[in-house]
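Heads up: the structure comes next, in structure tokens.
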Amino acid sequence: MSDRNPGDLHCGMPRCDIWMRAIAMPADTNPHGQIFGGWLMSQMDLAGGTCANRRAKGTVSTVAVDSMTFHQPVFVGDQLTCYCDILKVGRTSIGVRVEAWVRRFNSDEVVKVTEGVYTYVAIDENRRPRPVPSE
Ligand SMILES: CC(C)(COP(=O)(O)OP(=O)(O)OC[C@H]1O[C@@H](n2cnc3c(N)ncnc32)[C@H](O)[C@@H]1OP(=O)(O)O)[C@@H](O)C(=O)NCCC(=O)NCCS
């Protein structure tokens with residue numbers, strides 16, 4: 001999707017494109033009433049994977065989450081936006097930095113909630129690594 005909108009959320013990344021938006025729902029909460037960290041990681045993985053898929057011009061598989069930080073809790077109704085930036089392109093792998101921000105429910109407050117670095121591998125029809133094509 002990558003629909004950067006200058007009037008939209010801000011992220012401090014050098015090139016930040018929006019790759020995912022989602023609303024946190026009651027089913028995504030943990031027993032403490034805040035949004036489960038696994039849900040956030042999966043949204044970030046979907047965003048990073050979509051970004052890597054575009055760069056790889058085909059299917060990618062997540063091989064590693066190299067770092068992950070949870071800065072602020074997320075609550076039901078918050079609007080999550082994931083921004084992605086390609087950090088590195090190897091022979092078959094693509095490193096993507098993902099930042100997630102939320103617009104708080106019923107509020108204009110916008111905060112960075114998580115960030116991480118995800119690595120994807122371009123795979124062929126046999127699910128084996130294939131070279132990332134040139135841009
Ligand atoms: C992804 C997969 C096909 C890679 O196969 P592999 O035989 O391990 O691949 P290789 O050892 O040749 O490594 C491929 C690339 O990944 C990189 N890589 C492998 N393990 C890595 C790790 N732990 N962290 C970062 N990069 C890694 C390698 O450096 C290499 O990059 P390069 O070609 O750019 O130099 C295989 O590991 C796999 O199928 N894993 C399961 C994937 C999965 O189920 N993900 C969750 C759902 S999407």
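Quick note: the coordinates plus some simple rules give every number you see, no bench work behind them. Keep in mind that this is a model prediction, so the values were computed, not measured. Note that we place each Cβ from the backbone using ideal geometry, even for glycine, and neighbour counts take in every protein chain shown.
See the values below:
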{"item": "Restricting region 16-51 to residues that are of a type in the set (D, E, K, R) and not in a helix (DSSP H, G or I), the residue that is nearest to Arg104 (Cα to Cα)", "result": "Arg21"}
{"item": "Tabulated pairs, region 75-104, first within 13 Å of Glu115 (Cα to Cα) and hydroxyl-bearing (Ser, Thr, Tyr), second away from the ligand (no atom under 16 Å from the Cβ) and outside any strand (DSSP E or B), C-beta under 7 angstrom, 6+ apart or interchain", "result": "Thr81/Leu9; Tyr83/Cys11; Tyr83/Met13; Tyr83/Cys16"}
{"item": "Residue in region 43-54 that is away from the ligand (no atom under 16 Å from the Cβ), under 22 Å from Ala24 (Cβ atoms) and buried (at least 22 other Cβ atoms within 10 Å of the Cβ) present", "result": "no"}
{"item": "Subset of region 105-120 [touching a residue at least 12 places away in the same chain (Cβ under 8 Å) and either among the polar types (S, T, N, Q) or touching a Phe, Trp or Tyr at 6+ places or on another chain (Cβ under 7 Å) (or both)]", "result": "Phe105, Asn106, Val110, Val111, Lys112, Val113, Thr114, Thr119"}
{"item": "Those residues of region 98-135 which are touching a helix residue (DSSP H, G or I) at 6+ places or on another chain (Cβ under 8 Å) and surrounded by 15 or more Cβ atoms within 10 Å (Cβ to Cβ), in sequence order", "result": "Val98, Ala100, Val113, Thr114, Gly116, Tyr118, Tyr120, Ala122, Val132"}
{"item": "Pick from region 84-126, criterion basic (Lys, Arg) and within 15 Å of Asp66 (Cα to Cα), ranking: nearest to the ligand (Cβ to nearest atom)", "result": "Lys88"}
{"item": "Residue among Thr69, Thr62 that alone is surrounded by fewer than 17 Cβ atoms within 10 Å (Cβ to Cβ) and over 20 Å from Ala122 (Cα atoms)", "result": "Thr69"}
{"item": "Any hit, region 61-78, residues being in contact with a His (Cβ under 7 Å, 6 or more places away or on another chain), part of a strand (DSSP E or B) and more than 12 Å from the ligand (Cβ to nearest atom)", "result": "no"}
